Ligand code: B12
Ligand code: SF4
Ligand code: SF4
């Protein structure tokens with residue numbers, strides 16, 4: 001294909017992608033991402049991935065080499081879907097409220113983006129009269145998506161490690177690796193300058209080294225990916241985040257102003273909403289959890305993970321109205337939940353908390369929960 005045909009096809013793809021609702025679209029070559037690979041391998045060597053055991057050096061090497069992901073690959077089409085929205089609009093619920101990261105308020109973006117990208121490939125097939133070889137990536141398969149997006153000219157790395165484009169960072173990325181030869185875009189040469197708002201705002205100091213995140217400290221990891229107990233010293237930093245965290249994006253000047261409208265389906269569902277009441281969530285059983293979060297990214301945390309986070313957020317709320325619900329939750333079937341509920345009661349203290357913790361300690365058999373109960377009892381008794 002000559003240069004003008006490559007450019008024409010690239011332009012056609014971009015028009016179609018925008019018509020499908022993608023706020024961002026760009027193209028890069030299938031050359032390997034060698035510098036990013038080195039950064040990713042260093043990140044792994046330093047143990048920044050925590051317990052995300054699926055992030056292995058082998059996977060990172062693959063993720064940096066589109067031609068190994070699709071033999072014969074020549075180009076990568078990268079799309080970005082906006083999920084920009086204000087969560088602060090009229091919290092309807094009473095009592096202590098939690099927060100769910102904006103990206104997780106709507107439908108599961110993996111399915112949503114993948115379906116639109118598949119339509120793009122179908123239209124491309126129709127346009128060309130022949131089906132090109134393609135492989136679609138949305139988050140869960142190996143491909144360094146931010147790196148692909150940066151090289152495809154969608155934006156640049158912010159100090160919060162997000163891909164920043166002129167419309168901000170509230171975008172989810174997807175990539176189509178293909179054997180088509182397309183005219184590539186040029187990367188954006190830009191940086192954050194002297195700004196360091198996100199570095200100062202991160203509740204746990206998870207941002208380091210200019211543009212990287214230590215996942216083991218990031219609330220997004222702690223509330224979604226971490227399956228076991230949240231380290232005690234980081235629990236207060238959760239504040240009321242119960243699934244993900246948007247702090248380093250909320251403070252970013254690139255996210256001020258209007259920006260692109262969210263893709264249909266990525267708007268927050270009315271229930272449970274972006275700032276749900278915490279007490280009803282603490283009381284969710286498995287059936288109600290499954291019904292409430294069907295088709296939502298929140299299901300990734302599983303019931304036990306979400307209720308664990310809710311317990312921590314209630315402990316952080318300082319609201320004594322949470323004590324009776326927490327006392328009931330000391331009987332939760334999951335030891336993980338009981339241990340965090342104990343911590344929350346220790347923080348809220350008061351006579352009812354102390355006697356419930358004593359009673360639970362007398363009955364508890366799980367050694368980890370016993371240790372949490374004992375520590376919580378000491379904490380609750382210390383507070384006047
Ligand atoms: C694992 C993962 C996480 C982990 C680890 C995050 C991390 N930064 O690595 C956790 C669970 C913490 C996480 C959190 C979030 N994630 Co996440 N996550 C991923 C996933 C699946 C893999 C990322 C990965 O490989 N990390 C390893 C590191 C080494 O690679 P990297 O993230 O690309 O980091 C690059 C930078 O650190 C950069 N870098 C490092 N040093 C330097 C220095 C310089 C000078 C430069 C220029 C660059 C640079 O190089 C690295 C390699 O390219 C990707 C999807 C994918 N397949 O890429 C989504 C993805 C990155 N996540 C995404 C989102 C939305 C989030 C959250 C906002 C969700 C939330 N609200 O809670 C937070 C944001 C946290 C943050 N500030 O980054 C989006 C980001 C979209 C965007 N516009 O940037 C992605 C792309 C998913 C998607 N398909 O849209 N995530
Ligand atoms: S998502 Fe939250 S915890 Fe993670 S780096 Fe950003 S501000 Fe810090
Ligand atoms: S808050 Fe400032 S430093 Fe952080 S990503 Fe945004 S512009 Fe860059």
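Taken together, the values in this text are just the output of simple stated rules run on the coordinates, not laboratory data. Since this is a predicted model, take the numbers as computed values, not measurements. Cβ placement follows ideal geometry from the backbone for every residue including glycine, while neighbour counts extend to all protein chains displayed.
What to note about this one:
- Residue of 298, 188, 310 that the Gaussian network model of the chain assigns the largest fluctuation, springs spanning Cα pairs under 10 Å: 188
- For peptides 261-274, 3-16, 142-155, sequence by mean Cβ density within 10 Å, most packed first: 142-155, 261-274, 3-16
- Mean-position separation - Cα centroids, the stretch 33-71 and the stretch 332-384, in angstrom: 41
- Relative to the longest principal axis of the Cα atoms of the chain, the long axis of helix 351-363 lies at roughly 80 degrees.
- Considering only alpha-carbon pairs that sit under 8 angstrom and 6 or more positions apart, the relative contact order computed for the stretch 150-295 is 25 percent.
- Length-normalised contact order of the stretch 1-270 in % [C-alpha pairs under 8 Å, at least 6 apart]: 28
- All Cα pairs of the stretch 244-384, percent lying beyond 21 Å: 49
- 0 to 90° range, to nearest 10: angle between helix 109-128 axis and the chain longest Cα axis: 10
- Nearest-ten-degree value, helix 335-348 long axis tilted from longest Cα axis of the chain: 60
- Computing FRET efficiency as 1/(1 + (r/R0)^6) for residue 51 and residue 189, where r is the C-beta to C-beta distance and R0 is 35 Å, gives about 0.45.
- Taking only the C-alpha atoms of the stretch 193-298, Rg followed by Dmax gives 15.9, 49 Å.
- The alpha carbons of the stretch 1-270 give a radius of gyration and a Dmax of 18.9, 64 Å, in that order.
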